[in-house]
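Take a look at the structure set out below.
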Amino acid sequence: MASDLNVMLVASEYEGLVKTGGLADVARALPAALRSAGTHTKVLMPYYRALFKHQPEVLISSLDVALNPRDHYGCAVRHYNDNGVEIYLLEHHQFYDREGIYDDGRWPFEDNPLRFGLLSKAAFALCKALNFVPDILHAHDWQTALVPYYLSKQAPGDSFFSHTRSVFNVHNGAYQGKCHARWLGALGIDPSDFIPEHFEDYGEINLLKGAVVFADHIVAVSPGYRDELMQESTSHGLWQTFQAHAHKVSGILNGCDYGLWNPEHDELIAARFSAKDLAGKQQCKAVLQTQTQLMVNPERPLFGLVSRLTDQKGLHYLIPALHEFLGNKAQVVILGSGDAHFSSLLRHLAASHPGQVHFTEGYSEALAHQIEAGSDFFMMPSLFEPCGLNQIYSMRYGTLPIVRSTGGLRDTVVPLAVDNHNADVATGLSFDAPSIEATSMALAHAFELYTQHPKVFKQVQQNAMAQRFEWEPAAAAYIETYRTLLA
Ligand code: ADP
Ligand code: GLC
């Protein structure tokens, strides 16, 4: 048991409340797993407009947060209990009562440094108001990157946080919270810390860099990504900083919330199914085909994709590869939102292959589950992928992931060899080069597997469905990390 550990987790998303990607899934599942392991874990996040409808109770009507010696922000804190996990919602209307959480649909909010600086600083005021002495302040991604710094700058005479250690998770090192140096004063960053060894990055503030420097420990969300952060070509420009702090960087693979992602109990899909009885999966496929105006035909391999539409996801080589690939009888269902450039390319792809490709632009929890359940293959050709959750979900649903060999994708999928000789252990398909050619070859391999080698396909499907990426061992690894820091 870890009942002596107090953890305050600070994040900008939380699955079920507000989500743009896998960060939200982890921000919800990790505290639940830490709590099951016996820790006292609480979560702090902003009270965005999108949460108003839940009408959580006001717990603290006035919380004073000093972001720097001059500027005090009057906040309130609302409270919400998610299956035993206490969630604290930071209310400050000027910052969080607006459409969108990071941007207005096109541009990032200009005051993001302040909005998330306030969230990071509020963690300290909240702990004091609750009289909750945290052993660990656990922050996630650039939005909460100032938590480790603020901890390191606590007044030396203040004993409240004197034993507290900070852990910082890198879910996505490409987002670094870079901003103009004029924010230094407002964020309470000491000018002496605006140096290349700390926050300074080509004349700008780089919040992620500061977190790597000041955190007591850094966790990358897969061992593979941990190694990539140390290399020039895959570190998003920060390899020197990661290398300088390599001794305190580890990699812990995310788990999967099988309470939400399990075809045997999933209420969002047309029929339930298991590895033993796949009849429901056929039904899910037929319903998905109907719903997306594709020909209902079990013989046609169906390729699914659910994704944020960003450069990270490899769409610039996947889309041209699909144009070539769709000369055959494959079907493609895509759900995604993000860059207008990619949605326009996807609309064009669908228009060029009517009845064969369906693209839904937007965000839909239900359709995401239906695509996972009804597809035969799940495409995840990411340029980089710190962990990736969708390939893990798809394996559980017997939908073979087609991944590029990078980061967490490499750590979780056992690729089927081109000659299929390792079908007894393979759990998906994989390719190396981030190119149209390599993607096309992997898609062709999948098509041939489905249409020519159904037995091999079924074997790999069974292997995939038997995989488990539980949160329990991941939570145990985090707890061990906390303990080492506190020892
Ligand atoms: P990332 O965090 O980089 O977006 P992950 O694979 O870790 O990638 O997690 C993505 C999460 O977001 C998954 O739970 C996925 O189902 C969900 N998701 C992404 N785009 C959409 C969408 N358009 N509609 C519904 N869910 C989505
Ligand atoms: C990020 C990464 C993704 C990871 C997720 C949760 O959004 O892009 O690979 O799975 O965070 O850690």
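The values are calculated or read from the model by the stated rules, or taken from the named source; none is laboratory data. This is a predicted model, so every value here is computed, not measured. We place every Cβ from the backbone using ideal geometry, glycine too, and count neighbours over all the protein chains shown.
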Quick check: anything in the stretch 377-392 assigned to a loop (DSSP other than H, G, I, E, B) and away from ligand 2 (no atom under 16 Å from the Cβ)?
-> no
So which of Leu63, Leu59, Leu44, Leu89 is under 18 Å from the mean Cα position of the chain (by Cα), away from ligand 2 (no atom under 16 Å from the Cβ) and at negative phi?
-> Leu44
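Report, by residue number, each residue of the stretch 338-357 that is of a type in the set (A, V, I, L, M, F, W, C), within 23 Å of Tyr175 (Cβ to Cβ) and surrounded by fewer than 17 Cβ atoms within 10 Å (Cβ to Cβ).
Of all residues in the stretch 338-357, those of a type in the set (A, V, I, L, M, F, W, C) come to 340, 342, 345-346, 349-351, 357.
Still in the list and also within 23 Å of Tyr175 (Cβ to Cβ): 340, 342, 345-346.
Matches in the stretch 338-357: Ala340 only.
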Being away from ligand 1 (no atom under 16 Å from the Cβ) and in the same structural domain as Asp104 (by TED's automatic domain parsing) narrows it down to one of Arg70, Arg28, so name that one.
-> Arg70
Residues located in the stretch 451-487, provided they are surrounded by fewer than 21 Cβ atoms within 10 Å (Cβ to Cβ), in contact with a helix residue (DSSP H, G or I) (Cβ under 7 Å, 6 or more places away or on another chain) and farther than 25 Å from Leu253 by Cβ | Val456
Filtered residue count, the stretch 178-224, keeping only those that are in contact with a Gly (Cβ under 9 Å, 6 or more places away or on another chain) and at positive phi = 1
Residues in the stretch 342-361 that are in contact with a helix residue (DSSP H, G or I) (Cβ under 9 Å, 6 or more places away or on another chain) and part of a helix (DSSP H, G or I): how many?
-> 6
Residues that are surrounded by fewer than 24 Cβ atoms within 10 Å (Cβ to Cβ) and either basic (Lys, Arg) or closer than 14 Å to Ala330 by Cβ (or both), drawn from the stretch 358-375 | His358
Hey, among the residues in the stretch 216-243 that are small (Gly, Ala, Ser) and under 22 Å from Arg165 (Cα atoms), which one's nearest to ligand 1 (Cβ to nearest atom)?
-> Ser222
Residues of the stretch 363-390 satisfying the condition of being more than 10 Å from ligand 1 (Cβ to nearest atom), among the aliphatic types (A, V, I, L, M) and touching a strand residue (DSSP E or B) at 6+ places or on another chain (Cβ under 8 Å) | Met379, Leu383
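Count, please, the residues in the stretch 132-147 that happen to be closer than 20 Å to Thr484 by Cα and either crowded, with 24+ Cβ neighbours inside 10 Å or among the aliphatic types (A, V, I, L, M) (or both).
8
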Which pairs do you get when a residue that is closer than 15 Å to Asp216 by Cβ and touching a residue at least 24 places away in the same chain (Cβ under 8 Å), found in the stretch 240-255, comes within reach of a residue that is in a helix (DSSP H, G or I) and among the acidic types (Asp, Glu), reach meaning Cβ atoms under 7 angstrom, with the pair 6+ apart or on two chains?
-> none
Filtered residue count, the stretch 289-317, keeping only those that are within 16 Å of ligand 2 (Cβ to nearest atom), among the hydrophobic types (A, V, I, L, M, F, W, C) and either in contact (Cβ under 8 Å) with a residue 40 or more places away in the chain or in a helix (DSSP H, G or I) (or both) | 3
Might you check whether a residue that is more than 26 Å from Ile218 (Cβ to Cβ) and at pLDDT 95 or above occurs anywhere in the stretch 468-476?
-> yes
When you go through Tyr393, Tyr397 one by one, which is the residue that is among the aromatic types (Phe, Trp, Tyr), within 20 Å of the chain's Cα centre (by Cα), over 18 Å from Phe325 (Cβ atoms) and away from ligand 1 (no atom under 11 Å from the Cβ)?
-> Tyr397
Restricting to the stretch 406-450, what's the tally of residues that are away from ligand 2 (no atom under 16 Å from the Cβ) and part of a loop (DSSP other than H, G, I, E, B)?
-> 16
Please state which one of Leu322, Leu335 is outside the structural domain of Gly22 (by TED's automatic domain parsing), of a type in the set (A, V, I, L, M) and either surrounded by fewer than 24 Cβ atoms within 10 Å (Cβ to Cβ) or assigned to a strand (DSSP E or B) (or both).
-> Leu335
Which listed residue, of Ser430, Ser440, is surrounded by 14 or more Cβ atoms within 10 Å (Cβ to Cβ) and in contact (Cβ under 8 Å) with a residue 60 or more places away in the chain | Ser440
If you go through the stretch 6-21 one residue at a time, do you hit one that is over 21 Å from Ala145 (Cβ atoms), over 21 Å from the mean Cα position of the chain (by Cα), in the same structural domain as Gly188 (by TED's automatic domain parsing) and more than 16 Å from ligand 2 (Cβ to nearest atom)?
-> yes
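Rundown of residues vs (1) within 16 Å of ligand 2 (Cβ to nearest atom); (2) hydrophobic (A, V, I, L, M, F, W, C), yes/no style:
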position	(1), (2)
Leu238	yes, yes
Asn262	no, no
Asp277	no, no
Gln282	no, no
Val287	no, yes
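This table checks each residue for (1) buried (at least 19 other Cβ atoms within 10 Å of the Cβ); (2) aromatic (Phe, Trp, Tyr).
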{"site": "Asn328", "(1), (2)": "no, no"}
{"site": "Met380", "(1), (2)": "yes, no"}
{"site": "Tyr397", "(1), (2)": "yes, yes"}
{"site": "Ile402", "(1), (2)": "yes, no"}
Does Asp227 satisfy the criteria of being farther than 15 Å from Phe384 by Cα and not aliphatic (A, V, I, L, M)?
-> no
Is at least one residue of the stretch 245-259 at pLDDT 95 or above and farther than 30 Å from Thr484 by Cβ?
-> no
